[in-house]
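Q: Have a look at this one before I ask anything.
The values are calculated or read from the model by the stated rules, or taken from the named source; none is laboratory data. What you see is a predicted model, and the numbers here were worked out from it, not measured in a lab. FYI the Cβ positions are ideal-geometry reconstructions off the backbone, even for glycines, and counts take in every protein chain you see. The area values use the complete protein model at the heavy-atom level, side chains included, leaving out ligands, DNA and RNA. Shrake-Rupley method; radii C 1.70, N 1.55, O 1.52, S 1.80 Å.
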Amino acid sequence: MTWDMIVVNVVGLGLIGLIVWFFWLVKTKGVRAALTSGGYQEQMVLVKGGYTPDVIVLERGKPARLNFVRQESSSCSEMVVLAAFGKSAYLPEGETVAVEFMPAEAGEYEFACQMGMLRGKLIVE
Amino acid sequence: MNKHAMHMSPASANVLPGYKIHEARAPAGPEGLDREQQAREAEYRSLMRKWWFAAPVGVFTMIMSYPWLFPVLDDWFPRGSPQLWYIWAFMGVASAAVLLYSGNQFFTGAWQALEHRSANMHTLIALGTGVAWVYSTIILLFPQVLPSSEMLEVYYDVTVVVTALVVLGLAMELKAKGRTSDAIKKLIGLQPKTARVVRGGREIDIPVEQVVVGDLVVVRPGEKIPVDGEIAEGSSAVDESMVTGESLPVEKRAGDEVIGATINKTGSFKFTATKVGSDTALASIIRMVQDAQGSKVPIQRIVDVVSGYFTPAVAILAILGFMAWYTAGPEPRIVFALIVAVTTLIIACPCALGMATPMSLTTGVGLGALNGILIRDGTALQTAQKLQTVILDKTGTITHGRPVLTDVVMSPGVDENEMLRLAGGVEKSSEHPLAAAIVEGAAGRGLALPDAESFNAIPGHGIEARIGGRALLLGNLKLMHDRSIALGALEERAAELADDGKTPMYVAMDGKAAGIVAVADTVKDDSVQAIRSLKDMGLEVVMITGDNERTARAIGRRVGIERVLSEVLPQDKAHNVQKLQLEGKKVGMVGDGINDAPALAQADVGFAIGTGTDVAIAASDITLIKGSLHGVVLAMQISRATMRNVYQNLFGAFIYNTLGLPIALGVLYPFFGILLSPLLAAIAMAFSSVTVISNANRLKRWRPA
């Protein structure tokens, strides 16, 4: 093996390690939804190439409301699905759409676009 | 806190300034539909502009990347010549422009995804085209990095052509995607815009949103009925096909329910509005369909797990491919390694995988809605096609659910109309559920029913009355025996009627047997045909009823059901469903949504036969708006067709990726010397997602078998 091959393989393995670490190993800390005077746990979610924030911490047994704002025209993100709560919503560009549900049981639930390309997580404690 | 206040709170609490808040549950109106349409159109036009910019540059770069393949060009731009270098430099600038304009969404999309620690199709395309451009530019500027000048080849064509094809694919995908939701558009488009109401004694036209419950609404022939209500005066035939799937117009009289968005055919009438705005049957249907289309088919969970790892895994494969080809590949190693890595990045199509089930679900659920079948969610759809046994509730499902006069038998010398006239007259005073059937039957023959002069109901036996100057007895065998009436051949005839599932009642006039009137809950016209179709589909059909065994068996025989569960109390129906499930079967239960709710819930799939405007109340998995058993057959066929479509799409998407990736990585090269060109990979990738959507759209051509 020549020196250039060694370099290519070392760099390649390094990149693979970076991908594994960056996409799969790092755990993002969630944002805790704010409790409003109406008794709802509310969180604004920006939809632009992904969900911001994409990890939302909720308290069990209190109604939750996520206000989605889609700020892109790509049709990939035009729908958001909270499969575990049987909720979905069409998100017109530039408008706020509220999705309300009741996180009755503790656990981790996913919310995603219809194709499952954009994903977020709800942590119910 | 009142409803309004609750809806107001988010606007003040946690909304970006300048944004209007929408409640996700409200169905989109025609206005929302237009905006969605416009947004799609704008996106489509933008993608097509990008395609038209990239396409000519693509053709130019494709030719000029290999001028030695064209005799004239080879003379003008020989390999290694300064003029070719300048042409390539120009191509580098042009392809950068294509990347920046046509491929802009890939790079911004990839960056945004990266910010969310995720990767998607954009990431793969951006990496593939970006790597090709950067490599080409480096060797163009610093050719000395290559071992030989013969190896100097640029890959700007890959950059531009891949961008162009993927953009074209996205545009086609957008068009096809718009078509999958045609059904919901059709439903939303049904919503009427104006209504003619009586206010202050005058008829005025107002927007439909302003109609309130209790308004008296005027409908003329050929007009659309604006909201749900009950006819106050007038009568007409109404075409309800758009909501119930029933093709024949339905006769409506005062007191009957009318459904908004259906079309009045012949007469004029006035009706009282009972449901308006988002409470109407149509609004409920639209909401249910939207919810179902946004739900997930259970099999999607597997796909979700796969696609969660998919894109980074493809990037890893591309790196491994580069390493392998650089280390052990043929010369020029760097070129082969680069082509393999770029092709691998480009051929992988996470989109086809992600779209496989939602697209079919959207089409399938919409198809159901257009046929009067409301499917609650993807789970109901997937389970329905696995059913092995279908339990049909007798009353109201197989039969009409209300008794009618079926037979009149006379003793010799008795006039049929006279007997029926008197029997009908007597029953007018009775509150017995079967009495109405005789009254209606007699009235239906145009007989004028006299009033009884005296009337005595004998519980458990029948009625004794004086009517038209005659003594009349109407009741069962016990009553006749008590009064020592000789029945003769009538007794045998009555037994036959009972065997047939009917309820016979003897009539005696002036102390002599006059005949029999029999009533029965009649079987709906298409029940027999529907039950046969269900059996033809390989399903075991079971009837459940509270009737005694003899009556139940008789009806079972008439409709072709062998397995009959009789004398089942309403509260025990769910338990019976469970017993069948314990036999290891997937059980569907068909009944009306209100009385049978526990049994419907217990079943793997509960089918509620609804009628009219109560569609959304039923707590069932599948609601059949039209009160016909044939809907169960259609629902089963639609669920099977949709799931077949889902499996085809998933199979296609999985096979495409599992075959495409190894080929891109060059597994065929050692055996056949075949290495996939990145351009072919781009074509395959762009069309794989279009194929998935087109296959889902094919479902729309489904017609009942």
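Q: I need every pair where a residue in region A:75-91 that is closer than 9 Å to A:Ala112 by Cβ and charged (D, E, K, R) has its Cβ under 9 Å from the Cβ of a residue that is open to solvent by less than 20 Å² (accessible area, probe 1.4 Å) and in a strand (DSSP E or B), sequence separation at least 6 or different chains.
A: Sorted first by the residue in region A:75-91, then by its partner, the list stays empty.
Q: Answer with yes or no whether B:Val158 is at pLDDT 90 or above, β-branched (Val, Ile, Thr) and not in a loop (DSSP other than H, G, I, E, B).
A: no
Q: Could you list all residues from region B:194-219 that are in contact (Cβ under 8 Å) with a residue 40 or more places away in the chain, surrounded by fewer than 17 Cβ atoms within 10 Å (Cβ to Cβ) and part of a loop (DSSP other than H, G, I, E, B)?
A: B:Val212, B:Val213, B:Gly214
Q: Among the residues in region B:417-435, are any open to solvent by 10 Å² or more (accessible area, probe 1.4 Å), without any contact (Cβ under 8 Å) to a residue 24 or more places away in the chain and assigned to a helix (DSSP H, G or I)?
A: Yes, the conditions are met somewhere in region B:417-435.
Q: Looking only at region B:547-583, which residues are open to solvent by 60 Å² or more (accessible area, probe 1.4 Å) and at positive phi?
A: B:Glu567
Q: Among what's in region B:449-463 and is modelled with pLDDT of 85 or more and hydrophobic (A, V, I, L, M, F, W, C), pick the residue that is most open to solvent (accessible area, probe 1.4 Å).
A: Among those that are modelled with pLDDT of 85 or more and hydrophobic (A, V, I, L, M, F, W, C), it is B:Phe455.
Q: Sticking with this structure for a sec: Tell me which residues, restricted to region A:80-111, are facing another protein chain (nearest Cβ under 10 Å), of a type outside the set (A, V, I, L, M), assigned to a loop (DSSP other than H, G, I, E, B) and open to solvent by less than 50 Å² (accessible area, probe 1.4 Å).
A: Answer for region A:80-111, where residues must be facing another protein chain (nearest Cβ under 10 Å), of a type outside the set (A, V, I, L, M), assigned to a loop (DSSP other than H, G, I, E, B) and open to solvent by less than 50 Å² (accessible area, probe 1.4 Å): A:Pro92, A:Gly94, A:Glu95.
Q: Could you tell me which numbered condition A:Ser77 fails, if it satisfies all but one of (1) open to solvent by less than 50 Å² (accessible area, probe 1.4 Å); (2) facing chain B (nearest Cβ under 8 Å)?
A: So A:Ser77 meets the others, but not (2).
Q: In addition: Can you confirm whether region B:330-347 contains a residue that is farther than 19 Å from B:Ile663 by Cβ and at the interface with chain A (Cβ under 7 Å from one of its Cβ atoms)?
A: No, region B:330-347 contains no residue that is farther than 19 Å from B:Ile663 by Cβ and at the interface with chain A (Cβ under 7 Å from one of its Cβ atoms).
Q: Please work out if B:Thr389 is at pLDDT 85 or above, hydroxyl-bearing (Ser, Thr, Tyr), open to solvent by less than 10 Å² (accessible area, probe 1.4 Å) and closer than 30 Å to B:Val541 by Cα.
A: Here the answer is yes, as B:Thr389 does meet what is asked.
Q: How many of the residues making up region B:88-121 are assigned to a loop (DSSP other than H, G, I, E, B) and more than 7 Å from chain A (Cβ to nearest Cβ)?
A: 2
Q: Evaluate the following for B:Thr272: is it in contact (Cβ under 8 Å) with a residue 24 or more places away in the chain and more than 28 Å from B:Leu374 (Cβ to Cβ)?
A: Taking the combined requirement at face value, the residue does not satisfy it.
Q: May I ask you to list the residues in region B:245-272 that are more than 28 Å from the chain's Cα centre (by Cα) and of a type in the set (A, V, I, L, M, F, W, C)?
A: B:Ala254, B:Phe269, B:Phe271
Q: Of all the helices (runs of 4 or more DSSP H) wholly in region B:1-87, which have at least 2 residues that are within 14 Å of another protein chain (Cβ to nearest Cβ) and modelled with pLDDT of 85 or more?
A: So the answer is B:30-65.
Q: Sticking with this structure for a sec: For the subset of region A:11-29 comprising residues that are facing another protein chain (nearest Cβ under 9 Å) and in a loop (DSSP other than H, G, I, E, B), which member is most open to solvent (accessible area, probe 1.4 Å)?
A: So, considering only residues that are facing another protein chain (nearest Cβ under 9 Å) and in a loop (DSSP other than H, G, I, E, B), the one most open to solvent (accessible area, probe 1.4 Å) is A:Thr28.
Q: Condition test on A:Val8, is it open to solvent by less than 60 Å² (accessible area, probe 1.4 Å), more than 17 Å from A:Arg60 (Cα to Cα) and more than 9 Å from chain B (Cβ to nearest Cβ)?
A: When the stated conditions are applied, A:Val8 does not pass them.
Q: Where in region B:623-705 are the helices (runs of 4 or more DSSP H), entirely inside, with at least 3 residues that are of a type in the set (A, V, I, L, M) and crowded, with 23+ Cβ neighbours inside 10 Å?
A: B:630-665, B:678-698
Q: Something else now. Can you pull out the residues in region A:112-125 that are modelled with pLDDT of 90 or more and either open to solvent by less than 30 Å² (accessible area, probe 1.4 Å) or not in a strand (DSSP E or B) (or both)?
A: A:Leu122, A:Val124
Q: Can you say whether B:Leu361 is in contact with a Gly (Cβ under 6 Å, 6 or more places away or on another chain), touching a residue at least 60 places away in the same chain (Cβ under 8 Å) and under 17 Å from B:Leu699 (Cβ atoms), as far as the supplied structure shows?
A: yes
Q: Next question. Since B:Gly321 meets every condition but one in (1) under 23 Å from B:Ser136 (Cβ atoms); (2) open to solvent by less than 40 Å² (accessible area, probe 1.4 Å); (3) more than 10 Å from every other protein chain (Cβ to nearest Cβ), which condition does it not meet?
A: Only one criterion in (1) under 23 Å from B:Ser136 (Cβ atoms); (2) open to solvent by less than 40 Å² (accessible area, probe 1.4 Å); (3) more than 10 Å from every other protein chain (Cβ to nearest Cβ) is unmet by B:Gly321, namely (3).
Q: So, B:Leu124, is that one assigned to a helix (DSSP H, G or I), within 20 Å of B:Pro312 (Cβ to Cβ) and within 13 Å of another protein chain (Cβ to nearest Cβ) or not?
A: Against the criterion (assigned to a helix (DSSP H, G or I), within 20 Å of B:Pro312 (Cβ to Cβ) and within 13 Å of another protein chain (Cβ to nearest Cβ)), B:Leu124 qualifies.
Q: Tell me, please, whether a residue that is outside any helix (DSSP H, G or I) and either basic (Lys, Arg) or out of contact with any Cys (no Cβ under 7 Å at 6 or more places or on another chain) (or both) can be found in region B:332-339.
A: yes
Q: Let me ask you something else. Out of everything in region B:292-318 that is in contact with a strand residue (DSSP E or B) (Cβ under 8 Å, 6 or more places away or on another chain) and open to solvent by less than 20 Å² (accessible area, probe 1.4 Å), what residue ends up being nearest to the other protein chains (Cβ to nearest Cβ)?
A: Taking the candidates together, the pick is B:Gly294.
Q: Could you go through region B:275-291 and let me know if any residue there is part of a loop (DSSP other than H, G, I, E, B) and either within 9 Å of chain A (Cβ to nearest Cβ) or surrounded by fewer than 24 Cβ atoms within 10 Å (Cβ to Cβ) (or both).
A: yes
Q: Looking at region B:546-555, can you tell me whether even one residue there is out of contact with any Pro (no Cβ under 8 Å at 6 or more places or on another chain) and closer than 20 Å to B:Lys386 by Cβ?
A: No, the conditions are met nowhere in region B:546-555.
Q: Within region B:139-155, track down each residue that is modelled with pLDDT of 75 or more and either open to solvent by less than 50 Å² (accessible area, probe 1.4 Å) or assigned to a loop (DSSP other than H, G, I, E, B) (or both).
A: B:Ile139, B:Leu140, B:Phe142, B:Leu152, B:Glu153, B:Val154, B:Tyr155
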